[in-house]
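The values are calculated or read from the model by the stated rules, or taken from the named source; none is laboratory data. Given the structure is predicted, the values throughout are model-derived calculations rather than measurements. Positions of Cβ are backbone-derived with ideal geometry, glycine not excepted, and every protein chain shown enters the neighbour counts.
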Amino acid sequence: MSNVKQARMPVAVLTGFLGSGKTTLLNRLLRHPDLHDTAVIVNELGEIGLDHLLVVGGQDNIVLLNAGCLCCAMLDSFKETLADISYKRARGEVPPFARVVVETTGLADPAPILQSLLRDSFLNEHYSLGAVVTTVDAILGDSELDKHPEAMKQAAVADHLIVTKTDMTGGASPPALLARLRTINPTAVLHERGAELGPDTLFAASKVILPAHVHAHGHHAHDIHSESFVIEKPVTWSGVGGWIDFAREFFGSGLLRCKGLLEVVGVPGPVLLQGVQTVFASPQRLAAWPDADHRSRLVCITQGIDPDILRRSLTILHAEPGTYRPASLRDLLAITA
């Protein structure tokens, strides 16, 4: 019997504020032949505007499209929905699918979905986080970022930021909006014209995009910061565990998203670290580094966290086996004074 583990199915999260063009983007992408074996999860089936995609059949909360996709309404929870379609797929009750797109509501904080994918044992066994794609309205995006913390969080946790409706701004994105998005989330891939986005972007693995020798942070509305670090000295497994525990206790929900490639003592390749607020996925060993630079790189999007305390906390990553992480912020400050 083969003991080769079956590859986990990627899940893309499509988010963005009300009216920012998520559904328009998704409808266009679903016409692409590369997405024929895709399951789409939406809050309500009626919200996605499926008429022009030609619904060819359905059962319960699932409809089938002649493009080969299946679309289902969210049940009581995200986990329940994924478990339901997985069960029906295994029994042959729905066509087989190889990937999943979940479209959030315009007012949703995407963090609970990301946490489910990172924390839940069933989901983590069968599914992996593809990419978080956030749409931003070229016309209203700037004011929405000012007025609505949901819009700011959606931008802050993204792997890809898609500026939409540029056909209404002369075909280009407003420079002020682009500059602001780069400040909010400097590690996200910024697409200035959403109409050019291809389906591969939805399922690109979540990556840490951080040049060497970078240590930068931004400050803007709603007290959200982006902190990027390159760590010169290899970290330890004890330190990684200690830092995760410290972050959960003292940073909590203020750590909106954390992504890192870590150089761990004794490990030949990089270790992927991902966290959303208090939830961290088990560190994952990767086959190879993305480039010749093998130093640890960490990106943290935070809200209401003192950047200096965050920087000082990284000393925990070098803890030797048998030592303990600081038990309080006062202890951390004393150790790193």
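Could you grab the pairs with beta carbons closer than 9 Å, sequence gap of 6+ or different chains, first residue in the range 89-108 and part of a loop (DSSP other than H, G, I, E, B), second one among the basic types (Lys, Arg)?
Close Cβ pairs satisfying both conditions: 94/88; 95/89; 96/89; 97/89; 104/22; 106/22.
Just give me the residues in the range 110-132 being within 17 Å of residue 277 (Cα to Cα) and in contact with an Asp or Glu (Cβ under 6 Å, 6 or more places away or on another chain), in sequence order.
132
Of 103, 125, 150, 144, which residue is of a type in the set (Asp, Glu) and crowded, with 23+ Cβ neighbours inside 10 Å?
On the way: 125 fails: crowded, with 23+ Cβ neighbours inside 10 Å; 150 fails: crowded, with 23+ Cβ neighbours inside 10 Å; 144 fails: crowded, with 23+ Cβ neighbours inside 10 Å.
Being of a type in the set (Asp, Glu) and crowded, with 23+ Cβ neighbours inside 10 Å holds for just one of 103, 125, 150, 144, which is 103.
Residue pairs, Cβ under 9 Å, 6 or more apart or interchain, first in the range 7-31 and farther than 15 Å from residue 43 by Cβ, second of a type in the set (Phe, Trp, Tyr). List them.
Short answer, once both residue conditions are applied: 8/127; 9/97; 9/127; 10/127; 10/203; 11/127; 11/203; 12/203.
Among residues belonging to the range 106-122 that are among the charged types (D, E, K, R) and in contact with a helix residue (DSSP H, G or I) (Cβ under 8 Å, 6 or more places away or on another chain), point out the one that is surrounded by the most Cβ atoms within 10 Å (Cβ to Cβ). Steps first, answer last, please.
To start, the set of residues in the range 106-122 that are among the charged types (D, E, K, R) comprises 109, 119-120.
Retained after the next criterion (residues that are in contact with a helix residue (DSSP H, G or I) (Cβ under 8 Å, 6 or more places away or on another chain)): 109, 120.
Details: 109: 16, 120: 18.
Taking the candidates together, the pick is 120.
Which fully enclosed helices (runs of 4 or more DSSP H) of the range 131-194 have 1 or more residues being at pLDDT 90 or above and acidic (Asp, Glu)?
Those helices (runs of 4 or more DSSP H) span 141-147, 149-156.
Of 135, 164, 169, 187, which residue is touching a residue at least 12 places away in the same chain (Cβ under 8 Å), surrounded by fewer than 17 Cβ atoms within 10 Å (Cβ to Cβ) and among the β-branched types (Val, Ile, Thr)?
169
Here's the yes/no breakdown for (1) closer than 22 Å to residue 113 by Cα; (2) out of contact with any His (no Cβ under 6 Å at 6 or more places or on another chain):
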site: 239; (1), (2): no, no
site: 251; (1), (2): yes, yes
site: 266; (1), (2): no, yes
site: 271; (1), (2): no, yes
site: 278; (1), (2): yes, yes
site: 285; (1), (2): no, yes
site: 288; (1), (2): no, yes
site: 299; (1), (2): yes, yes
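Residue 47: at pLDDT 65 or above, exposed (fewer than 15 other Cβ atoms within 10 Å of the Cβ), part of a helix (DSSP H, G or I) and in the same structural domain as residue 19 (by TED's automatic domain parsing), yes or no?
Here the answer is no, as residue 47 does not meet what is asked.
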